[in-house]
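Let me begin by presenting the structure, written as structure tokens, before commenting on it.
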Amino acid sequence: MSKISSYNQDTGFGFFAGLNVLPKTTATSTYSYMVDKETIQSFMKEFISLLRTTYSQYYQGDTINLDFHSIPHYGEKSEMDENWVGAKHQRLKSALTLFAQDGESRHLLYANTDIDRVDESNEIVNFVNYWTDVKGIIEQTLVFDSKLTTYDILEDLDTRNIKFITLRRRGKKLIEDANNIPEEDWIKVDLKKRNVNSISSRCMRARSHCHETDLKVRQVIFKDHGRQIPTFLITNNRTVELETLALHYANRWLIENKFSELVDFFNLNALSSPFMIRIYFDVVMTVVADTLYRLLGKGFEEI
């Protein structure tokens with residue numbers, strides 16, 4: 001927030017925001033303390049709903065990528081939980097944030113920062129409820145890492161007919177069994193990504209039962225794909241083709257690229273306060289800024 005002092009006399013930025021100049025640091029900081037979480041969530045929902053109506057082509061991807069991002073805080077008085085911060089390769093006091101991204105257009109759909117570590121596995125349910133309110137129905141397949149939630153919640157998503165693709169957690173016995181599958185049982189597939197040569201891989205299809213739940217899923221094992229250990233994808237989407245299934249999960253890394261953009265371009269990791277309401281306000285404003293910036297860039301491309 002303090003970086004606004006470098007720009008709040010620029011009439012161009014003010015014009016872009018519908019003002020003569022941007023608000024001063026004190027005014028902006030004070031305002032972000034005055035709103036509550038429900039107001040911020042309502043604003044985000046109205047903003048995304050309006051954009052989806054106006055620019056529907058950017059919210060029609062077959063998949064939605066979801067992932068956590070920990071925004072570190074280095075202040076001594078921070079009462080935040082410690083979370084894993086990938087950029088630092090260690091656990092730090094940080095604001096655990098879930099982002100959701102359209103898999104085709106890369107536009108962000110959702111963000112929530114006020115997530116307690118004990119409740120993080122339920123956050124995907126909060127997103128599902130949010131996106132159902134916005135769109136009325138969820139026909140996209142949700143794509144996320146295995147650590148995002150639990151098998152019990154996957155079973156709940158399946159009961160609600162919400163499609164998902166995720167990784168199965170790999171135990172030693174699971175890997176040994178995969179390595180003992182005869183070569184003739186593997187199927188060769190070519191994974192074709194945009195502007196990239198085909199990547200040859202081998203896969204094995206099977207039905208799987210997730211222990212301690214009634215969830216029955218489709219499991220696909222991939223090997224010879226550039227990693228020493230086989231990859232186990234599980235999904236309740238039983239119609240998607242093997243190549244598409246693998247590419248959908250590979251494209252989940254687009255949201256990692258988005259995190260890098262938000263950190264480098266919008267200073268996402270430069271927290272202005274240890275208070276969650278301020279952090280949540282800043283995160284949602286970052287989503288708004290990123291979306292508007294991308295729309296502005298698309299406008300110039302079409303001129």
With the structure loaded, tell me whether Val189 is at negative phi, at pLDDT 95 or above and in contact with a Lys or Arg (Cβ under 8 Å, 6 or more places away or on another chain) or whether it fails that test.
no
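When you look at Leu66, is it touching a Lys or Arg at 6+ places or on another chain (Cβ under 9 Å), of a type in the set (A, V, I, L, M) and either open to solvent by 60 Å² or more (accessible area, probe 1.4 Å) or modelled with pLDDT of 85 or more (or both), yes or no?
When the stated conditions are applied, Leu66 passes them.
From the list Val85, Val118, pick out the single residue that is buried (at least 17 other Cβ atoms within 10 Å of the Cβ) and free of Cβ contacts under 8 Å to residues at least 40 places away in the same chain.
Numbers: Val118 fails: buried (at least 17 other Cβ atoms within 10 Å of the Cβ).
Checking each option against the conditions leaves just Val85.
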Tell me which residues, restricted to region 224-245, are modelled with pLDDT under 85 and touching a Ser or Thr at 6+ places or on another chain (Cβ under 7 Å).
Asp224, His225
In this structure, does Asp264 turn out to be in contact (Cβ under 8 Å) with a residue 24 or more places away in the chain and out of contact with any strand residue (DSSP E or B) (no Cβ under 8 Å at 6 or more places or on another chain)?
no
If Val283 satisfies every condition in (1) touching a helix residue (DSSP H, G or I) at 6+ places or on another chain (Cβ under 8 Å); (2) touching a residue at least 24 places away in the same chain (Cβ under 8 Å); (3) under 30 Å from Thr39 (Cα atoms) but one, which is the exception?
(1)
Which condition number in (1) buried (at least 17 other Cβ atoms within 10 Å of the Cβ); (2) under 17 Å from the mean Cα position of the chain (by Cα); (3) within 26 Å of Thr244 (Cα to Cα) is the one that Asp145 fails?
(1)
For a quick check of your reading of the model, give me the residue pairs whose first member lies in region 40-51 and is over 15 Å from Asn112 (Cα atoms), whose second is part of a helix (DSSP H, G or I), with beta-carbon atoms closer than 6 Å and at least 6 apart or on different chains.
Ser49/Val134
Could you tell me whether Leu295 is under 13 Å from Ile71 (Cα atoms), in a helix (DSSP H, G or I) and in contact (Cβ under 8 Å) with a residue 24 or more places away in the chain?
no
Per the list (1) out of contact with any helix residue (DSSP H, G or I) (no Cβ under 9 Å at 6 or more places or on another chain); (2) touching a residue at least 12 places away in the same chain (Cβ under 8 Å); (3) hydrophobic (A, V, I, L, M, F, W, C); (4) over 17 Å from Ser42 (Cα atoms), residue check on Phe127 breaks on (4)
For region 123-155, how many residues meet the condition of being more than 29 Å from Gly86 (Cα to Cα) and not basic (Lys, Arg)?
7
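The values are calculated or read from the model by the stated rules, or taken from the named source; none is laboratory data. These numbers come from a predicted model, not from an experiment. Don't worry about glycine lacking a Cβ; one is built from the backbone with ideal geometry, like all the others, and counts go over all protein chains shown. Surface areas here come from the heavy atoms of the whole protein model, side chains and all, with no ligands, DNA or RNA. Shrake-Rupley method; radii C 1.70, N 1.55, O 1.52, S 1.80 Å.
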